[in-house]
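Presented below is the structure to which this report refers.
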Amino acid sequence: MTEARPAKGESDLRPAAPPSPLGQAVVDSSEHKVLGLVLIGVSLVLFLVVRAVGPALGAELLSAGSQVVGGNSRRLYSLHETGIVLLWAGPVWLGLATYLLPLQIGSPRLAFTRVQALAVWVHVGGALLFLAGHLIDPPPGIGLTGREPLQAPVGGINDGTNLILASFMLLGLATLLAAGNLLTTALTMRTEGMSLGRMPLFSWGVVAAAAGSLFATPVFLASSFLLYLDLHFGGTNLFADSRGADLVWQKGLWLYGRPEALLLLVPALGAACDIVVTAARKPLGAPPPPPIPHGLKAKLPPLPGLVTPLHGHVLAAGALFAAATFSLLAWVQDRRTLDALILPTATVATSLFAVAAGLLVLLWLGTLREAKGSVRPSLALAFVGAAVLLGVAAALNSLVAALVGVHGSELGQGMIELVTFGVPTILAFGALHHWAPKLFGVPLSATAGGLALLASLGGTLALGIGRSIAGYAGADAHAKEAAGDERIGFAIAQAGHVLLLLAGILMALDVARAMAARRHRRPDAADLSEGLTLEWAAPSPPPAENFTELPEVRSEAPLAGMAKAKVAAKPGRQASNRKDR
Amino acid sequence: MSVAAPMALPPAAEVLERTRSRNAVVVGTALYGLAVLALTAALIGAYTAFRSGTSPWPPEGVKKENYFGSLLLAASGMLMITAEWLVWSVHHGVRRQTAQSAGLAVMLLAAMLNGLLYTVDESRFGAATHAYGTIFYAFMVVAALTQLAALAAVVAGIIRVAGRQISPAEPQLVRAVSIVLHVAALTWVMVWSALYAASR
Amino acid sequence: MLSAVAKAYVVIAVVVGAFTFAYIDPLSLGPGGGGDHFGSTLLFTTAVGALAFAVVASMRSVADSDLEQPTPADAPAPAMRPVGNAGPLPGSSAFPLVAALGLVLVGVAAATGAPAFYLALALLAVAAGGWLSQVFVEHPLTTPRLADRLSRRTTNPFTYPVLAVLLGAVVAISISRVYLTITEEAAIVVSGLVATLLFLGCLVLAGGRDVSRRLTAGLAGLALISVVGAGAASAARGERTIEHHAEAPITEVHLKAEGIQYDTSELKLHEGIVRFTFENEDPKGTYHNVGIYGAKEAGEPFAAILPIDGGGTEGSTLIDTHVVGLQPGGSYFFRCDFHPAMVGTVAVEAGKPEAGHDKKVKKH
């Protein structure tokens, strides 16, 4: 059902939309907000499914001799570790970006709304095939995350492996379609006055990650296709012990040799920047420039446009961009880095990423310190703090590993839990809380959120540190049984699994309640004192065309100084000083 | 389907919005096209990886002819020129030349697809016979998909030109069509350079 | 000039490019060399892509317009302006879902095989066509009248025939399943019943002037459901046993030519399928053929083996006597068209041959 088109010559505002914000049906919707919510909801459900496997695997490890999962352990490992990235961490940020990017840049829609619908449904279908493939037949090997490539199944490829390979291609296609769409939207549909330099930092993170995905995802697609061609027609060329096949596996398919593992962090870091900015109620502050004597200043030539003005916003955008680019340098990664800590090019590449992330953290701390008195504490800020804690824990862990020297490959898994899985998860929870008024029209429950924060922080730390301890004791990744000192580590990790599952359940229930409430709410007028960026100027939740009124954008904080202004919830009505209800 | 009356101009805000969204089509198509070229480059990377680790290369039993490859290369060049001709003709409103260039593009794409089928038929090895076979078939499938996409784009373009939705007043969509054509041509050029030019 | 973003991309291209060349092993670019070729290719592509992004970021539609002027610190806060009419938002559409279904079916076909793949292709074609037509209709230049005219001229000519063919196929397949299940006698009864019902139904529709549309639709729907249901039930029940006539064995007949004569003057063919083999043992340059003639119009042979050169070459043909018209008891002869003196008689025997029986009458 198409919306009523205004007749030619009518230049007035379109008539008021009906009260139900969910408007069109979900399955044939081409509205970016509905699609974003679909992705977020699906991702949360899949998070629960994938994380539920963890305790079962942990129990198998700890119980000597008894078979909790038995012969299914390899496929459950594959499901668990590949699924976290492909079914949760990637898509939830895609969903948040789909919903929030047009709001942040002041656009009424995405550039290609129906392409986004295609991407969402292809993703849902691909996720179903992924699960089906893992459940139908035992797929060979540990999948994309392991140290060995998918092993050629004895007796030829089975249905499960066919479905999994097909699902990789579908999930990659969905990511590619969505990334191109988001990038195009950000490049061409910004509102008047919003230059790229004034774009909010979450949008910057999304742009940077989308640009990186545009290069990284085709490599994954190409390698999946090669693997499929090889396996499906009966060959074993990609498993032969030739150098060529090994390289193709490492660069194209191995999840931790691919840039995606780090690219996931970039929109998360961008969201964290926005959370800090909103809490501090000022743009990201830069460290004060060194004082230059006045006479000297006049003699210096003006600095090129890229360098000035050196204020925090541009620095942060640059850091996000650099992070995305350095994630692409993961292609110099070698799987030997799981054992050896120092390999020149690989270490330099990943350290560059860490430097960019560290710069962002410094900017956040600086901003909060400068804002001091007027910081508005929020649960989302606590989530950001938790993410920083995880980063610090990861850094300390690498230091300890460098000092200790010898360790099993489970240590690498521990680091991955902390950084690749943990940070995007916690920041996603934080982002859901932070933007809940715009996503759902109602804030998420603070109690549930606080509990989820503690559970997810504790769970991630337990998982990360637990698996690292097991690694220091000599455990190898994806072992089937734990012996001796490893058991302590795995026991801690088991507690972590349970805690994370708990956090997921809390968040999922809360979000489900909020989505149900969204269907029936009348939109609230925007409260311009809530934040500095454009999405806070939209009603809660936004109507079909996103905005009823917009300010002229003159800086990276368009709503600064506008706390007293009010916005009408319905178009066509004058803004009044009384809050519209 | 000829519209005799002059086009009624839509209100100004709508024009700006449509211009911006048409530019979005061009930018978006360019970005997706870049992704496709990156995919081909990844396959080329895999090709060089296999080549560096296997000898002899190409393996025994692979014919060393490059007749069809060169034919397709020539067709790719012609396709790129035709794409630019198409854009020119729409910009200048010469509908007859639009029809000619679009028709030529369709013929060229059909010829390229036919040539791909021949190349695969003449190859005498399967996708899993050896590593060369796997990457060869991957190249062929990717090239065929880009050409099919280009075909669909040209047909859609023809329909929209006939419906006066692409015209000298709003020519941006044809630029998007030309980008798809260029991507299809460039993909084959990249495949050719790996398979035929750098085969030893 | 390059915008700030384009400059950033150029810097990134330079950084990644430098990394590429540091990483690449310059001595090993050829086959058999060391170094990570895949990684180098990917890095190189990234550097090139960053440059491409720089170009895109410099495009007019992307570049910043006005906007780097710093605002004076004492400027008043900007006012909220109503958002202008930004044009119609794209309406809802089921075609992305259909296209996604097609793509997922392609994935499923990886496991289940070809039929799912073809169904997926059909879905994708439907989605592509529908999506294009929806975008076309939603363009501001398309009036409802134009849209109606277009649909009447483009989609309706295809939709209705395709639907009719599909309907016909469904009905035919269902009825054939029914026939395969019931006995031969019951099939006659069913045919008569279906014919009668059809006749009566058409009588009703043609006769009454006030037959309502709902009645027509209801009757047609009922008929369709019962036909399809019967077909499904029969398919579930399975085929009845059908007698197959034993396949007639293929008899072999050999003929040889040597010294400008055949090795036999009498060919005996059995009714049914005969494989007729002919060998030319004369030296090279001496062509022979075999043609079976009789009372056929215009002097055309009933069957022939094409001319073959000497030197031991062989030719053969497969003859079905029923198809070519060779009847038992008729009088036929065979001859070589190059050497009229080479002739012989052909006799066609009725009935089934014994297995392995090879009819050959040798001269002397």
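The values are calculated or read from the model by the stated rules, or taken from the named source; none is laboratory data. What you see is a predicted model, and the numbers here were worked out from it, not measured in a lab. Because the Cβ atoms are built from the backbone with ideal geometry, glycine has one as well, and the counts that use them run over all protein chains shown. The area values use the complete protein model at the heavy-atom level, side chains included, leaving out ligands, DNA and RNA. Shrake-Rupley method; radii C 1.70, N 1.55, O 1.52, S 1.80 Å.
In the range A:408-462, which residues are under 20 Å from A:P377 (Cβ atoms) and of a type in the set (S, T, N, Q)?
Hits for the range A:408-462 are A:S445, A:T447, A:S456.
Among the residues in the range A:209-230, are any modelled with pLDDT of 90 or more, more than 8 Å from every other protein chain (Cβ to nearest Cβ) and more than 30 Å from B:G53 (Cα to Cα)?
yes
Limited to the range C:309-325, what total is found for residues that are of a type outside the set (G, A, S) and over 38 Å from the mean Cα position of the chain (by Cα)?
Qualifying residue count for the region: 2.
Would the range B:62-76 turn up any residue that is outside any helix (DSSP H, G or I), at the interface with another protein chain (Cβ under 9 Å from one of its Cβ atoms), out of contact with any Ser or Thr (no Cβ under 6 Å at 6 or more places or on another chain) and not β-branched (V, I, T)?
No: the range B:62-76 contains no residue that is outside any helix (DSSP H, G or I), at the interface with another protein chain (Cβ under 9 Å from one of its Cβ atoms), out of contact with any Ser or Thr (no Cβ under 6 Å at 6 or more places or on another chain) and not β-branched (V, I, T).
Under 22 Å from A:L264 (Cα atoms), surrounded by fewer than 18 Cβ atoms within 10 Å (Cβ to Cβ) and at pLDDT 90 or above, is that true of A:A462?
no
If I go through the range A:470-493 residue by residue, how many of them are more than 15 Å from A:S73 (Cβ to Cβ) and not hydrophobic (A, V, I, L, M, F, W, C)?
Matching residues across the range A:470-493 total 8.
Of the conditions (1) under 30 Å from C:P140 (Cα atoms); (2) open to solvent by less than 10 Å² (accessible area, probe 1.4 Å), B:A42 satisfies every one except a single condition; which number is it?
Tallying (1) under 30 Å from C:P140 (Cα atoms); (2) open to solvent by less than 10 Å² (accessible area, probe 1.4 Å), B:A42 fails exactly one: (1).
Taking the options B:Y196, B:Y137, name whichever one is at negative phi, open to solvent by 20 Å² or more (accessible area, probe 1.4 Å), at pLDDT 90 or above and of a type in the set (S, T, Y).
Result of the check over B:Y196, B:Y137: B:Y137.
Given the condition modelled with pLDDT of 75 or more, at the interface with chain A (Cβ under 7 Å from one of its Cβ atoms) and surrounded by 14 or more Cβ atoms within 10 Å (Cβ to Cβ), answer yes or no: does some residue in the range C:74-81 qualify?
Checked the range C:74-81: at least one residue is modelled with pLDDT of 75 or more, at the interface with chain A (Cβ under 7 Å from one of its Cβ atoms) and surrounded by 14 or more Cβ atoms within 10 Å (Cβ to Cβ).
Could you say whether any residue in the range B:175-188 is free of Cβ contacts under 8 Å to residues at least 40 places away in the same chain and touching a helix residue (DSSP H, G or I) at 6+ places or on another chain (Cβ under 8 Å)?
No, there is no match, as no residue in the range B:175-188 is free of Cβ contacts under 8 Å to residues at least 40 places away in the same chain and touching a helix residue (DSSP H, G or I) at 6+ places or on another chain (Cβ under 8 Å).
Somewhere in the range A:175-188, is a residue more than 7 Å from every other protein chain (Cβ to nearest Cβ), part of a helix (DSSP H, G or I), in contact (Cβ under 8 Å) with a residue 24 or more places away in the chain and in contact with a His (Cβ under 6 Å, 6 or more places away or on another chain)?
No: zero hits.
Can you tell me which of B:A176, B:A144 is open to solvent by 20 Å² or more (accessible area, probe 1.4 Å) and within 20 Å of the chain's Cα centre (by Cα)?
Exactly one residue qualifies, and that residue is B:A144.
Name the pairs whose Cβ atoms lie under 7 Å apart, with the first residue in the range C:123-146 and in contact (Cβ under 8 Å) with a residue 40 or more places away in the chain, the second part of a helix (DSSP H, G or I) and not acidic (D, E), and 6 or more positions between them or separate chains?
Going by the 7 Å Cβ cut-off, the qualifying pairs are C:Q134/C:F95.
Any chance you could count how many residues in the range C:97-110 are touching a Gly at 6+ places or on another chain (Cβ under 8 Å) and open to solvent by 20 Å² or more (accessible area, probe 1.4 Å)?
4
Determine whether A:R114 is part of a loop (DSSP other than H, G, I, E, B), over 17 Å from the mean Cα position of the chain (by Cα) and of a type in the set (D, E, K, R).
When the stated conditions are applied, A:R114 does not pass them.
In the list A:A395, A:A356, which residue meets the criterion of being of a type outside the set (D, E), crowded, with 20+ Cβ neighbours inside 10 Å and either within 21 Å of A:F47 (Cβ to Cβ) or free of Cβ contacts under 8 Å to residues at least 60 places away in the same chain (or both)?
A:A356
Would you pick out the residues in the range B:144-189 that are within 26 Å of B:G53 (Cβ to Cβ) and within 13 Å of chain A (Cβ to nearest Cβ)?
B:T187, the sole residue that qualifies.
Of everything in the range B:24-59, what is modelled with pLDDT of 80 or more and farther than 19 Å from B:W192 by Cα? Give them in sequence order.
Selection gives B:A24, B:V25, B:V26, B:V27, B:G28, B:T29, B:A30, B:L31, B:Y32.
Quick one: is B:A49 within 30 Å of A:F112 (Cβ to Cβ) and small (G, A, S)?
no
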